[in-house]
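Here's the structure, in structure tokens; my notes come after.
The values are calculated or read from the model by the stated rules, or taken from the named source; none is laboratory data. Treat the numbers as computed from the prediction; the structure is a model and nothing was measured. Glycine gets a Cβ as well: all are built from the backbone with ideal geometry, and neighbour counts include every protein chain shown. Calculation scope for accessible area: heavy atoms of the full protein, side chains included, ligands and nucleic acids excluded. Shrake-Rupley method; radii C 1.70, N 1.55, O 1.52, S 1.80 Å.
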Amino acid sequence: MLLLVGLGNPGEKHARQRHNVGFMAVDEIAEAHGFTTSKSKFQGEVREGILNGPTGRTKALILKPLTYMNESGRSVGEAARFYKIPPENIIVFYDELDLAPGKLRMKIGGGAAGHNGIRSIDSHIGNEFRRIRIGIGHPGHKAKVTSHVLGDFSKNDQDWLPEMLNAIAASAPMLIGNDNNRFATAVAQKLAPTKPAPKLNKQNTAPKSRAAEQPSTEAAKSETSKPETNAFASAFQKLLGGKK
């Protein structure tokens, strides 16, 4: 069984805030894969379902702790102990200040990096669970951090947020097993721009002479020496914040 945890704060007041992007991500997964309606359990909201991936199918439990962010670990720890779910099968979705908006990173373990929800989970189950960090960007000044994190997503965020949530939901079956790269790659593929088909005009459709069809040796060398454009590779690097 997988335990998919979305971090956020309960209530309509917080529903559209950047700090609640973890809630948004797991809600999108639940809707995309036909999970049950939510019920109250483990000091949170729980939805159950099945994920079908390339390596098989598995039961998944979605958990949205309702303890408020700083006490998220109480809810996660209770669910993990009840179902005896090991840390490697616990995947937490949350906001990341130090990633640009629209970027995503996944890792196992590590520090809390100032995130109180992660710090709370660490204290209840240890730190070897899987983490999916969704970038919300930094406001540029420490004094503005609280208002930024607890502020609603802006109109500009709509340029990337819906596509990111859809890509996460569609790629969720790739979380089965422990190959984190498979999930990150699937998200990048979903976000990769689609190249438009080239438009043909009368000049394009005119028959070419045999001589025109055969490039010179030098021209052929020039063409083959050019690096092939790879839209997916470009999108993957962009998703990871430009790091290679």
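In 5 Å bins starting at 0, how do the alpha-carbon pair distances of segment 148-189 split up by percent?
5, 23, 21, 17, 13, 14, 7, 1
Given contacts defined as C-alpha pairs under 8 Å and at least six residues apart, what's the relative contact order of segment 19-74, whole-number percent?
26 percent
Calculate the spin-label point distance for residue 143 paired with residue 158, positioning each point 7 Å from the Cα along the beta-carbon direction, and give it in nanometres.
Placing both labels 7 Å beyond Cα along the Cβ direction yields 3.2 nm.
Protein chains only, probe 1.4 Å: how do 108, 50, 29, 176 rank by accessible area, largest first?
The most accessible residue leads, giving 108, 50, 176, 29.
Roughly how large, in nm² to one decimal, is the mean projection of the convex hull of the alpha-carbon atoms in segment 1-125?
Numbers: hull surface 30.6 nm².
Spelled out: convex hull of the Cα atoms, projected over all directions, averaged, 7.7 nm².
Using a probe radius of 1.4 Å on heavy atoms only, what accessible surface per residue do you get for segment 44-159? Whole Å² is fine.
That works out to 47 Å² for each residue.
What is the log10 of I(q)/I(0) for segment 63-108, computed with the Debye formula using one identical point scatterer on each Cα and no solvent, at q = 0.19, 0.28 Å⁻¹?
Here the Debye-derived log intensity ratios amount to -0.74, -1.08.
What's the long-distance tail for segment 73-173, i.e. % of Cα pairs beyond 16 Å?
Distances greater than 16 Å cover 61 percent of the Cα pairs.
Starting from the 7 Å offset along Cα-to-Cβ, what nm value, one decimal, do you get for the label separation of residue 71 and residue 16?
About 2.8 nm, to one decimal.
Residue 16 accessible area, nearest 10 Å², 1.4 Å probe?
130 Å²
Which GluC sites (Glu not before Pro) does segment 3-109 hold that lie in a coil by DSSP with at most 10 other beta carbons within 10 Å? Write down the numbers at each step before the final one.
Working: sites: 12, 28, 31, 45, 48, 71, 78, 88, 96; in loops: none.
Within segment 3-109, no GluC sites (Glu not before Pro) qualify (loop, at most 10 other Cβ atoms within 10 Å).
Place the peptides 109-118, 145-154 in order of packing, highest mean first, counting for every residue the other Cβ atoms within 10 Å and averaging per peptide.
Going from most to least packed, we get 109-118, 145-154.
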